[in-house]
1. Based on the mean of other beta carbon atoms within 10 Å per residue, what is the order of 34-45, 277-288, 52-63, most packed first?
2. Ile90: net charge of surrounding residues, Cβ under 15 Å, Lys/Arg +1, Asp/Glu -1, itself excluded?
3. Quick one: grab Rg to one decimal and Dmax as a whole number for segment 298-407, Cα atoms only, in Å.
4. If the label point is 7 Å along Cα→Cβ of Thr103, which residues in segment 72-92 have backbone nitrogen under 19 Å from it?
5. Quick one: length gained pulling Asn805 to Lys207 fully straight, 0.36 nm per residue minus the C-alpha distance?
6. Arrange Met389, Met201, Met762 by Cβ neighbour counts within 10 Å, fewest through most, would you?
7. Given points 7 Å out from each Cα along the Cα-Cβ axis, report the Glu417 to Ala467 separation in nanometres with one decimal.
8. How do 302-311, 660-669 rank on mean C-beta neighbours within 10 Å, highest first?
Amino acid sequence: MKKVRPIVFLVVGVFMTIVSQAQEISEDEARSLLEKTEYNKKRGNLEGALGYGLLGLDQAEALNNDDLIFEFKSLLGDIYLSKKDYKKAINNFLGIVLASKRTGNQNNLAQGYFYLANTYSSMGAYNKASDYYYQVSVIYDKTGYKQGKANAIEALGKNYVTSNQTEKAIDTYERLLNIAVNDKLYSYVGKANEQLFNQYMILGNTKNAIKYGVLYYERIKDRGNPRQIAEAADLLSGQYIELGDDRNALKYANIAVQKNQNKIEYLGNQAVAYAMNDDFVKSMTTFDEAIQKSEKLRRTMDVAKFQNKKAEIAVDFGEYKVATDALSIAENIAVNKNSKETLLHSYKVYTDMYKKRGLDSQYEEYNKLYKAVKLQVGDSDPYPSKVSMARENLAESYEQEARAEISSEENQRLAKERERLRSEQKLKELQLVEQRSKLQEAELQQIELEAQKAKQEMMLLEQAAKAKLNEEQLERLQLEAEMTRLAEAERQKELDILQKEREILRQQKEFETKQAEQAKVLQYIVIIGSIVILTILAVAFYRTYNTGKTIQEQNKNLAEQQKTILNRNIQLKKSSEAMLAMNNKLKKAHVNLKVLLKKEQETREELEKANKEIKNTQVHLVQAEKMSSLGLLTAGIAHEINNPINFVSSGAQSLLQNFNEIKSYIENYQKVLALEDFDDIKKYRAVLQEDEESLNEIQDASEELLADVNYGISRITEIVNGLRSFSRHDEAEVKDADINESFSSALLILKNKYKNKAEIVMDLDESIPQIQCFPGQLNQVFVNLVNNALDAMEDEGTITIATKNIDKNKIEIRISDTGSGIPDEVKEKIFDPFFTTKDIGKGTGLGLSISHGIIEKHNGSIEVESEMGVGTTFIIKLPKKLELDEKVLENQLS
């Protein structure tokens, strides 16, 4: 039995050591294989990376290391995706998803979904990809990982863009923009603005495209590369051309050409913008420059495109010879290159030109050609949806196959796991046998120890008995010795007593002798004491005599003190009389004070009355200044509103004419309907066919006219809303207002004044929330400051309006101009009432004073920085929350 136990222990120990070493070696090898996989993947050696990755995955699964399995499957899935082996990529990524669900690892689950979404998007199953991108955003939203959520939504938006699902892309990127602003993930703001710009252009929503395009451009203009800036500017120019905004169209077209002069395409928008600004010569020169550069690079189709656009502009300006020459070149190129789209464009311009010139035969000819080519080209959607049900079904089948395969592998893994558990069970049984053997050996050792202990106890008992016997003998000897010592001590005591008796007798004799001597001494002491007592009596008599003399001196001092006290009483009496006189004076002063207080009360009442009058005057002055501003701007508003009214007026007149023509056609139809003879009806066939063609033309023309009328009405509505925003009726109420929107209203009012004089640069912080204020009064401040800036510029210049979110309590507004500047001696007076540097009749001197008062009313501040010859900047700081006590608020409302 003793020989068997060591052998069992040795076997179990060796087995455990081998298992531990195998695990360590396998994990090190797996890590090494992971590094080799990543290295080969980076080098582009996908086959080598795949070999190392598969081998490493086997090691990781053998170790049952979830982290290693995740890393290997992520790498392998990415490799298969690079090889476009979507089936195996889905298998690996789906494996990550299912394993993460089993373990509850939300981060790995989100990454697995993200990998799957990328795979489905790559293979064209865009709807399935969208579902998984959305799942990723939901997971990160629950776990609070804001960056991950934004990444997922951005990827979802890109997926919609790639699949040409424009409206969904817009919804997604608007959601990303809101998240970026709310969660302060500002790196996503530019991306969202760029995509919203592009998607609204595709959708044909020009206004929203411009809105986000300007935001995107403003974000990159100072930090983007020139090509990126040029591309954004060119696209913005195209949108402003669509909108009919000639000034901004030319502004951004010039920026695009300036930033990237090698891009020939940018010259097209620049040429059109020149034409919109009535500069026909520059327009033609720019088109010619674009055509020459395209010919030099042998880009024939670009030449045809520029010739067609050139012809369009020439037709608009009535330069038909230029248009005909350009169209001839474009038509020949289109025919030679068999480009139906280019030929269609040429025929459209021909048709418009001949229609405008009233050449009916040529118009009919080219209109037929246009319709024939149009029939061949068709009305194809330039951005058709790329969503394919075949791809979606293929992706679904791949996923189902992967699920089945993973399920089979999972069953195999479970079988291996059961085998591993059985092996561990056997190992535990061996360990249990080892423990039992060790326990039996420990029991035997315990019995031996107990026997040795009993033997030792017997020996101890024997030794204790011997020791007790020795102790008894020792005690007996000690007792005998003690009795001997006591007898000796008794004899010694008797000797001592005899000695003490002798000593007492001797001392008694000595005492008697000393007593006789002391009696003599006592007599001498009595005599000496008597003498001392007499001496003491004499001293006491002397002291009594001296004490009487001291008392007389003290009495004298007391008399002097009484005299001093009497003098003080006299002084106090005089002080009391003075105090009484002072009291009488105080009573008189009190009476006078009452009179003064009464006069002060009357003066205060007069001041309050005057203050009310001043406030009323101030209200009238504010309103007068506002009306003065409105009076100065009336001409501009009239001009701005005149154009859209002309649209509506001319469109309404043309529609009325069309309606009269339609009435005549209806009468012809009614005549035919009244006929009963078939031959008579046939006679009207040709007439009805002509009527039908004319009706189609009238229908097309009416639609265009209605579009013009609609544009005019929308423009009028915009101007009226701007005026309403400027002269609000709620200016006496504290409300939440958008400062950036307030500037838009103010600029709309001043547009006619600045459009040919100044360039307005808007640098608005979109993160500024709505603030509490008196909106109508702040609008008046903004109009006053911008109007003053315009007046300060003799020639053309730039006005920059910037808003900034300083902190959680305040915002800052800067209005800068490139005018002449303000001298230092004038700068101190600009906020004084009735102070003005303008000519008589051109200013009241109240604008800046009222503006200063309005800003102070908002618990804000207004400062001015100016440099002669450079310009002026007004800096306004306003609180986000306007805190007014009830008295101040009541005064504001009154």
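1. Values: 34-45: 15.1, 277-288: 17.0, 52-63: 19.8.
Highest to lowest by the protection proxy: 52-63, 277-288, 34-45.
2. Its environment carries a net charge of -1.
3. 22.7, 77
4. Hits in segment 72-92 for Thr103 at 19 Å: 72-78, 91-92.
5. Working: separation 598, 0.36 × 598 = 215.28 nm, distance 2.61 nm.
Here the answer is 212.7 nm.
6. So the residues, fewest neighbours to most, are Met389, Met762, Met201.
7. Computed distance between label sites Glu417 and Ala467 equals 6.9 nm.
8. Final packing ranking: 302-311, 660-669.
None of the figures in this text is laboratory data; all of them are computed from the coordinates on show. What you are looking at is a predicted structure, and each value in this text was computed from that prediction instead of being measured. No Cβ is skipped: glycine too gets one built from the backbone with ideal geometry, and neighbour counts run over all protein chains shown.
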